[in-house]
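Only one structure is covered here, and it is reproduced in the block below.
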Amino acid sequence: MLNAPEAQHDGINVPIEHRFEPYDDNGGTSVAIAGKDFCVVAADTRQSTGYSINSRFSPKAYVLSDTSVIAMNGFHADGLTLKKVLDQRLKWYKFNHDKNMSSDAIAQMLSITLYQRRFFPYYSFCVLGGVDENGEGGVYCYDAIGSYERELARASGSASALIQPFLDNQVNKKNMQNVSHAPLELDEVLRIVKDAFTSATERDIYTGDTLQICIIRKDQPVEVQYYPLKRD
């Protein structure tokens, strides 16, 4: 009886492993800051994989309603799918109740939507900004399976470790003495957001190209501005 020759592993001709990887990290950074009667949600538009740039204008911030804007980091395709699901549920709510969902209700709905997919989660790390029924700004930060909390300012994404300490200092006034804790004005918040992203692009290769800024105010449509960032 002839024995089949054993495979020779010479370091070159070796078996190739084939594996399906359902997730990717497309980089990018999001920031949200709440004011007394407004909220600002900002995100860059660069989408990348590894050291390759897929698109220089792929927005990560989406307007859900006149009072809420969501920004997503992580896997871009999962973010788009999650956005479609949220839009559908907002339309159902509108048809059933003949009114738009409040930002607090959207925050809870997003948490439930993410938790329902906890065994095969959306690889999307969300920051939701909005103005509540009292006209006060709020920021809601999420993990991939729906745990969230309301905060004053939050950074998410590839440059979050660079931007969050800056927000803690300039917005939350941490590690500062004899400073006013009065709510920031809109002009000052816009300056902080632009400075944060301008600095982050110097250190993070996954952030850049264009900054998309969404300004949410009560009883007004969401205003969207664009600001150029580093393209290299």
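The values are calculated or read from the model by the stated rules, or taken from the named source; none is laboratory data. Only a predicted model underlies this, so the values are computations on that prediction, with no experimental measurement involved. A quick note on method: Cβ atoms are made from the backbone with ideal geometry, for glycine too, and the neighbour counts reach across all protein chains shown. Each accessible area value is taken on the protein alone, full model and side chains, heavy atoms only, with ligands, DNA and RNA left out. Shrake-Rupley method; radii C 1.70, N 1.55, O 1.52, S 1.80 Å.
Within 13 Å, Cβ to Cβ, of CYS141, how many net charges do the neighbouring residues add up to if Lys/Arg are +1 and Asp/Glu are -1? Mind dumping the intermediate values first?
Values: positive: ARG150, ARG154; negative: ASP143, GLU149, GLU151.
After counting each charged neighbour, the total is -1.
Could you check how many percent of all C-alpha pairs in the stretch 146-227 are farther apart than 22 Å?
Tail of the P(r) past 22 Å holds 33 percent of the pairs.
Check each of the trypsin sites (Lys or Arg not before Pro) in the stretch 14-104 and keep only those in coil by DSSP with at most 13 other C-beta atoms within 10 angstrom; list them in order.
ARG19, LYS36, LYS99
Could you list the GluC sites (Glu not before Pro) in the stretch 109-188 that lie in coil according to DSSP, counting only those with at most 11 other Cβ atoms within 10 Å of their Cβ?
GLU133
Apply the Karplus parameterisation 6.51 cos²θ - 1.76 cosθ + 1.60, with θ equal to phi minus 60°, to every residue of the stretch 22-38 and state each ³J(HN,Hα) to the nearest whole Hz, in sequence, with x for glycine and proline.
x, 10, 8, 10, 9, x, x, 9, 10, 9, 9, 9, 9, x, 5, 9, 7
If the viscosity is 1.567 mPa s and the temperature 4 °C, what Stokes-Einstein diffusion coefficient in µm²/s follows for the stretch 50-89 when Rh is the Kirkwood radius over Cα pairs?
114 µm²/s
Give me P(r) over the stretch 15-65, computed from all C-alpha to C-alpha distances, binned every 10 Å, as integer percentages.
19, 35, 26, 13, 5, 1, 0
Looking at the stretch 118-208, which chymotrypsin sites (Phe, Trp or Tyr not before Pro) are DSSP coil and have at most 14 other C-beta atoms within 10 Å of their C-beta? The partial results should precede the final answer.
Numbers: sites: PHE119, TYR122, TYR123, PHE125, TYR140, TYR142, TYR148, PHE166, PHE197, TYR206; in loops: PHE119, TYR122, TYR123, TYR206.
Loop-located and lightly packed - PHE119.
Treat every Asp and Glu Cβ in the stretch 82-232 as -1 and every Lys and Arg Cβ as +1, leave all other atoms uncharged, and give the resulting dipole magnitude about the Cα centre to the nearest 20 debye.
So the magnitude is around 520 debye.
Tally Lys and Arg at +1 and Asp and Glu at -1 over the other residues with C-beta under 15 Å from the C-beta of ILE112: what net charge comes out?
For residues surrounding ILE112, the net value is +1.
Hey, any idea what Rg/Rh is for the chain, computing Rh the Kirkwood way over Cα pairs?
With Rg and the Kirkwood Rh in hand, the quotient comes to 1.12.
Per residue, how much space in cubic angstrom lies within the convex hull of the C-alpha atoms of the stretch 57-151?
For the stretch 57-151, the hull spanned by Cα atoms encloses 95 Å³ per residue.
Could you check the simple spin-label distance between ASP168 and GLN108, using points 7 Å along Cα→Cβ, in nm with one decimal?
So the two model labels end up 3.1 nm from each other.
For ASN54, project a label point 7 Å along Cα to C-beta. Then give me every residue of the stretch 188-225 with its amide nitrogen under 20 Å of that point.
Within reach of a label on ASN54: 204-212.
So what are the ³J(HN,Hα) numbers for the stretch 200-207, from phi and the Karplus equation (6.51, -1.76, 1.60; θ = phi - 60°), rounded to whole Hz, Gly and Pro as x?
5, 5, 6, 10, 10, 6, 8, 10
What whole-number value in Å² describes the accessible area per residue of the stretch 14-125 for a 1.4 Å probe?
The answer is 53 Å² per residue.
State to the nearest 20 debye the size of the charge dipole of the stretch 1-142 about its Cα centre, where the only charges are +1 on K and R beta carbons and -1 on D and E beta carbons.
Result for the stretch 1-142 is approximately 400 debye, rounded to the nearest 20.
Can you compute the modelled spin-label distance between TYR227 and ASN175, with each label point 7 Å from Cα toward Cβ, in nm?
2.2 nm
Using only the alpha-carbon atoms, how far is helix 160-170 inclined from the longest principal axis of the chain? Give it as 0 to 90 degrees, nearest 10.
Around 20 degrees separate the two axes.
Divide by every residue of the chain the summed helix terms, -39500 (n - 2.57) for each DSSP H run of at least 4, and state the resulting mean residue ellipticity at 222 nm, rounded to the nearest 500 deg cm²/dmol.
Values: 4 runs with 62 residues, N = 232.
Only helices count here, giving -9000 deg cm²/dmol.
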